[in-house]
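Visitor: Could you have a look at this structure, given as structure tokens, before my questions?
The values are calculated or read from the model by the stated rules, or taken from the named source; none is laboratory data. Since this is a predicted model, take the numbers as computed values, not measurements. A quick note on method: Cβ atoms are made from the backbone with ideal geometry, for glycine too, and the neighbour counts reach across all protein chains shown. Ligands, DNA and RNA are stripped out before the accessible areas are found, and what is left, the full protein with its side chains, is counted by its heavy atoms. Shrake-Rupley method; radii C 1.70, N 1.55, O 1.52, S 1.80 Å.
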Protein chains: 4
Amino acid sequence: MTEPLILTLSCADRPGITANVTGFLFEHGCNILEAQQFNDRESDRFFMRIEFDPQSSRREDLRADLAAYAARMEMEWNLVRRDRPRRVLFMVSKFDHCLASLLYRWRIGELPLEPVAIVSNHPREAISHTHIGGVPFHHLPVTKDTKSNQEEQVRAIARDTGAELVVLARYMQILSDQQAGHFAGKCINIHHSFLPGFKGAKPYHQAHARGVKMIGATAHYVTTDLDEGPIIHQDVEAISHADNPDDLVRKGRDIESRVLAEAVRLHLEERVLMNGQRTVVFKG
Amino acid sequence: MTEPLILTLSCADRPGITANVTGFLFEHGCNILEAQQFNDRESDRFFMRIEFDPQSSRREDLRADLAAYAARMEMEWNLVRRDRPRRVLFMVSKFDHCLASLLYRWRIGELPLEPVAIVSNHPREAISHTHIGGVPFHHLPVTKDTKSNQEEQVRAIARDTGAELVVLARYMQILSDQQAGHFAGKCINIHHSFLPGFKGAKPYHQAHARGVKMIGATAHYVTTDLDEGPIIHQDVEAISHADNPDDLVRKGRDIESRVLAEAVRLHLEERVLMNGQRTVVFKG
Amino acid sequence: MTEPLILTLSCADRPGITANVTGFLFEHGCNILEAQQFNDRESDRFFMRIEFDPQSSRREDLRADLAAYAARMEMEWNLVRRDRPRRVLFMVSKFDHCLASLLYRWRIGELPLEPVAIVSNHPREAISHTHIGGVPFHHLPVTKDTKSNQEEQVRAIARDTGAELVVLARYMQILSDQQAGHFAGKCINIHHSFLPGFKGAKPYHQAHARGVKMIGATAHYVTTDLDEGPIIHQDVEAISHADNPDDLVRKGRDIESRVLAEAVRLHLEERVLMNGQRTVVFKG
Amino acid sequence: MTEPLILTLSCADRPGITANVTGFLFEHGCNILEAQQFNDRESDRFFMRIEFDPQSSRREDLRADLAAYAARMEMEWNLVRRDRPRRVLFMVSKFDHCLASLLYRWRIGELPLEPVAIVSNHPREAISHTHIGGVPFHHLPVTKDTKSNQEEQVRAIARDTGAELVVLARYMQILSDQQAGHFAGKCINIHHSFLPGFKGAKPYHQAHARGVKMIGATAHYVTTDLDEGPIIHQDVEAISHADNPDDLVRKGRDIESRVLAEAVRLHLEERVLMNGQRTVVFKG
């Protein structure tokens, strides 16, 4: 098998669109390994994800033909190599359980990524529980006055390392609108509540005060609208009256770690497509 | 075994309180069948639920002694017969899945209740899918102008039937502050969202618009503060981008039915104690 | 929109198969509403489910063309009208919670079925908690000696009513091999355990004795191999040491009801395809 | 507050037992922080766990009095300091996700333990993804011929380090009956299936072959009866037809890690009591 490719696309829904797209691939000698589609009857939009073996077809030719084809069909599309690890920049503050979990999953080959940098507003010693190893670590403290400058440094690191995705792994600083806009669609955050409940700071304390019976976590794309970005994945767990805020923080770590890891996996495997303020997630 | 009793109580926490309370019962010849306690270190309050066999002790004597004892200890308390069905008044609008589920559970003996009345703002024909049988049905339509009068009728029915609990089984009218106050602590509502997310009307449509990946339901005591009452039970289920609002409504029915039934069971079995705006739930 | 159709099919996987099938539909003027496929790399088999609007194409012509096409492609296939309720025969013993739940879902239009008969080895009075209404009820008691005869009667009812699906809604009799074979692929059973754990009788008592921390239910197609048929759906719930077998039975009722209802819905919507001893379930 | 103690006990159930035990503590000046009890009506046995502040009472005196008291009451009991980390010996083979997760939880202070040794039948290089740091690592390969000797070495390490708990964190060797007996009640294993389904080797492959719709993991005490020991904790996750055995292994890692960590936490916090072949778990 040649190295498989993944094609994702969206366009206005119309009769014959599946046949048309899959026919295009067949004519180019490609063999589908996995395919999912979603016909959104609300927006009349069509979404598709196809994992395929290009066989003898040359990737450059395929890409050129696809570009022409997609232009005719007024499609948004993306074609990537399935097995090439994506360059990922991690940002973290003091709580490093999400980072530790992501790096472990990378090390055992579960997440197809290449960690190009870890940026923290705390020094490396503060992230002492995580096995950072040789991943470049950048301590970029941030204050009100230096925020703009610090964010520029982050953008520079992202540019220099060719980062394709920024993961906010419990990075407790709010990105400026400029920064959020710069990384739009390429920056995933984990919020430690079941959004839209308990936005903002200290969500576990809010949850305890309200007396809810379940807590959760939400992985979403970062937008300029805080805690309002398109949601990729969520999960929850039951709690009881006996759980104080510290217990919620402990239980929450597990939920946060697995929700963020799953969202990152879904993104890296090109399983998440934007549909306005919502996402289409092809779980496979 | 004599008919078991259930004692629930709360008071300021203090050394020896468990020994004190259980000692009281032992001295009165009572045998504990099940006991749970919660020492809330935040509020320094103690909560306890004890299911016990009173054996040869007379209930009236026990109650009198307990009253004196509780006064000395500055306790809030409640003593009830475990196996006496509680008189319940149900309120429902058009969607009757919660009502149908509750009545089925009553009929097979799962919920220890006696349904004394069903009140609906729709005529009996509108609740056509539920096996109402001989349960008295009251059609009390409500408009802006008649609301006050209608609520008075509901109070009259509750009074005349000796209703001990009012269950809003998808009753789609907002109770007035007066009515909510009247039934305070004795009225359970099911809200079709995972509160505090999506308060108010059409929560499934709100959930769809926001693009969340799970939907839920919340059973809570009714207070004058809409959708803000103490939460008894919650549950959720995963959804996907392919679920339109109608799918959410369908999936939600199951969650609502089981969350409300569980909350009603917990209440009827005296497993729910108030702790300010939150609840202590002794699951057993 | 014309009445939508559902096409399900499976065949050997081969390059271009998706384009081929969807191209066939496009050429016949059909418009896809929803489509899922699964390329099983283990068995090299291809599975597909397509919901489509046939538009102006005549169903008879489509069917004839499809038959010829499928023969050429060596496909197993099925074409049905999406919105035509399927005729379902229910079998039940004494515990009627699954039946009650299924009939309620039918009455409110959640399950697209037409109940053609209820068969029980107990008299109608034993199923007293369910709102049977006008659904024909057949009391067919069964003993060792009469089993063969009773099963013949069931087959006769199924034949006379044109039943397309038999649902064993807690029918506590084991079907003979002959009967299981007769209804192969058209008979769904609910087993009250998380198979393959706790096969056979009294699974909740087995679960309690083993001390598991979760109980579950399994909906599967009936085969001659008891409790070994292809699984359609499963779910579980946490339990604790404090749950005695009666508690498990109570908690289990909810799981059984929703697992069976979901399996029946998936089957009725043609979302379940056989893949040897396993199933492909296109959840939608 | 003095350092809290935890008392766990079990004895024949009898009237006044709660008052008796809590009275004993009150007379010794102890203040209860958290208490749970379970009256097992099946076995007529009483189980209790009490977390308390001994205040001015001296631990040695309390222990002596308790011993005398427990002898009179024919109680099994255990009294431990709540905040003293327990010495834990980990055993692991090649898959180190459970070990990595446990060590991380230890490092951030989530699990109150002191890792005294890691024993593996593979060399340290094989466990390359885990941040072992300064924890003593023992490579003890095992073959059929050396097994008895290797197990003796493990016992020696346990003895020399004063290990109080052995955690089999995906240790893929079956302990001999002698070894299992030696560590009885002090050795927790994680089995990668929802027991009693799929005992023995390669449970994910078994699960895939059977076509179940959920997979799980089970943490249990090791006994001489393989995969039959008392269960402490279990959890599951939904899977689909599209998950091949490798996907199950990946999804399973998360379940295994959190189920084992939770079981270890429950054990370390003295929340697990034996009740024959089953456990009483006071979740708190």
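Visitor: Given H placed 1.01 Å from N in the peptide plane, which residues other than close sequence neighbours of D:Leu195 have an amide H under 5 Å from its amide H?
Guide: Residues meeting the criterion, in which the H sits 1.01 Å from N, are D:Thr218.
Visitor: Between A and B, buried accessible area summed over both sides at probe 1.4 Å, in Å² to the nearest 100?
Guide: 2600
Visitor: Also, quick follow-up: If you bin every alpha carbon distance in chain A into 10 Å steps from zero, what whole percent lands in each bin?
Guide: With a bin width of 10 Å, the distribution comes to 6, 26, 31, 23, 11, 3, 0.
Visitor: Short version: ³J(HN,Hα) in whole Hz for each residue of the stretch B:24-33, in order, from phi by Karplus 6.51 cos²θ - 1.76 cosθ + 1.60 (θ = phi - 60°), x for Gly and Pro, what are they?
Guide: 3, 5, 5, 4, 8, x, 8, 10, 5, 9
Visitor: Give the average, rounded to an integer, of partner chain Cβ atoms located within 10 angstrom of each Cβ in A:214-220.
Guide: 3
Visitor: Using the Karplus curve 6.51 cos²θ - 1.76 cosθ + 1.60 with θ = phi - 60°, what ³J(HN,Hα) values do you get for each residue of the stretch A:238-247, in whole Hz, with x for Gly and Pro?
Guide: 6, 10, 9, 4, 7, 7, 8, x, 5, 4
Visitor: Could you give the dipole magnitude of the protein assembly as shown about its Cα centre, charging the beta-carbon of Lys and Arg +1 and that of Asp and Glu -1, in debye to the nearest 20?
Guide: In debye, rounded to 20, the protein assembly as shown gives about 0.
Visitor: Still on this structure, I have one more. With a sphere of radius 10 Å drawn around the Cβ of D:Arg250, what net charge do the other residues whose Cβ falls strictly inside it have (Lys, Arg +1; Asp, Glu -1)?
Guide: My count for the surroundings of D:Arg250 gives -1.
Visitor: What residues have an amide H closer than 5 Å to that of D:Arg87, excluding those fewer than 5 places away on the same chain, when H is modeled at 1.01 Å from N in the peptide plane?
Guide: D:Glu114, D:Glu164
Visitor: Then there is this: Can you name the chain C residue with its Cβ nearest the rotation axis from C to B, and give the distance in Å as a whole number?
Guide: C:His131, 2
Visitor: Normalised by the residues of the stretch C:5-81, what does the relative contact order come to in percent, with Cα pairs under 8 Å and at least six apart?
Guide: Relative contact order comes out at 47 percent.
Visitor: For D:Lys147, which inter-copy label distances result when the label point lies 7 Å beyond Cα on the Cα-to-Cβ vector, reported in nm to one decimal and in ascending order?
Guide: 4.3, 6.4, 7.6
Visitor: What is the mean number of Cβ atoms from other protein chains located within 10 Å of the Cβ atom of each residue in peptide A:66-72, rounded to a whole number?
Guide: Mean inter-chain Cβ contacts per residue within 10 Å come to 0.
Visitor: So, in nm, how far is label B:Thr146 from label B:Ser43 when the simple model puts each one 7 Å beyond its Cα toward the Cβ?
Guide: 4.0
Visitor: Also: Could you please state how large a percent of the accessible area of the stretch A:5-81 is carbon and sulfur, counting protein chains only and using a 1.4 Å probe?
Guide: Reported share for carbon and sulfur atoms: 46 percent.
Visitor: Still on this structure, please answer the following. Where the centre of each part is set by its Cα atoms, how far does the stretch B:107-137 sit from the stretch D:55-77, in angstrom?
Guide: 56
Visitor: Relative to the isolated chain, which residues of the stretch C:181-211 have their accessible area cut by 40 Å² or more in the presence of all protein chains (1.4 Å probe, heavy atoms, no ligands or nucleic acids)?
Guide: Residues of the stretch C:181-211 that lose at least 40 Å² of accessible area once the other chains are added: C:Phe194, C:Pro196, C:His208, C:Arg210.
Visitor: Right, here's the next one. Quick one: net charge of D:Ala126's neighbours, Cβ under 9 Å, K/R +1, D/E -1?
Guide: Around D:Ala126, the charge tally is 0.
Visitor: What average number of partner chain Cβ atoms lie no more than 10 Å from the Cβ of the residues making up D:232-245?
Guide: Per residue, the number of nearby Cβ atoms from other chains is 5 on average.
Visitor: Lys/Arg Cβ at +1, Asp/Glu Cβ at -1, dipole of chain B taken about the Cα centre: which of B:Pro115, B:Ile174, B:Leu266 is farthest positive-ward?
Guide: Going by the charge dipole, the pick is B:Ile174.
Visitor: What number, in nm² with one decimal, is the all-direction average of the projected area of the convex hull of the alpha-carbon atoms of the protein assembly as shown?
Guide: 48.8
Visitor: Something else about it: Could you tell me the relative contact order of the stretch A:110-206? Use alpha-carbon pairs under 8 Å, at least six residues apart, and round to a whole percent.
Guide: Relative contact order here is 21 percent.
Visitor: Still on this structure, I have one more. Counting only protein heavy atoms and a 1.4 Å probe, tell me what percentage of the stretch A:156-199's accessible area is made up of carbon and sulfur.
Guide: 51
Visitor: Next question, about the same structure. Per residue of chain A, what 222 nm ellipticity follows from adding -39500 (n - 2.57) for every DSSP H run with n ≥ 4, rounded to the nearest 500?
Guide: The per-residue figure over chain A is -10000 deg cm²/dmol.
Visitor: Let me ask another. With everything on Cα atoms, drop me the angle between helix A:147-161 and the longest principal axis of chain A, reported from 0 to 90° to the nearest 10.
Guide: 40
Visitor: Once the label point is set 7 Å along the Cα-to-beta-carbon vector, what list of distances in nm do you get between D:Gly133 and its counterparts in the other copies?
Guide: Reported distances to equivalent positions: 1.8, 6.3, 6.5 nm.
Visitor: With only Lys, Arg, Asp and Glu charged, each at its Cβ (+1 for the first two, -1 for the last two), find how big the charge dipole of the stretch B:86-268 is about the Cα centre; round to the nearest 20 debye.
Guide: The calculation lands at about 140 debye.
Visitor: Find the accessible area per residue for the protein assembly as shown; the probe is 1.4 Å, ligands and nucleic acids are left out, and the unit is Å².
Guide: With all protein chains present, the protein assembly as shown gives 39 Å² per residue.
Visitor: Quick check on the stretch B:102-180: what are the equivalent-ellipsoid semi-axes from the Cα gyration tensor, as sqrt(5λ), descending, whole Å?
Guide: 22, 15, 11
Visitor: On to the next question. If you find the alpha carbon centre of the stretch D:87-101 and of the stretch C:202-280, how far apart are they in angstrom?
Guide: 33
Visitor: So the label point sits 7 Å from Cα along the Cα-to-Cβ vector; using that for D:Met274, what distances do you get to the other copies, in nanometres, sorted shortest first?
Guide: Reported distances to equivalent positions: 4.7, 4.9, 6.0 nm.
Visitor: I'd like the Karplus ³J(HN,Hα) series for the stretch C:89-96: coefficients 6.51, -1.76, 1.60, θ = phi - 60°, whole numbers in Hz, and an x wherever there's a Gly or Pro.
Guide: 9, 9, 10, 8, 9, 8, 7, 10
Visitor: Relative contact order for chain A using alpha-carbon pairs under 8 Å, separation at least 6, rounded to a whole percent?
Guide: Contact order relative to length: 16 percent.
Visitor: Local charge sum around D:His28 (other residues, Cβ-Cβ under 10 Å, Lys/Arg +1, Asp/Glu -1)?
Guide: -2
Visitor: Related question: Given C-alpha coordinates of the stretch D:5-81, what is the ratio Rg to Rh with the Kirkwood estimate of Rh?
Guide: Computed over Cα atoms, the ratio is 0.95.
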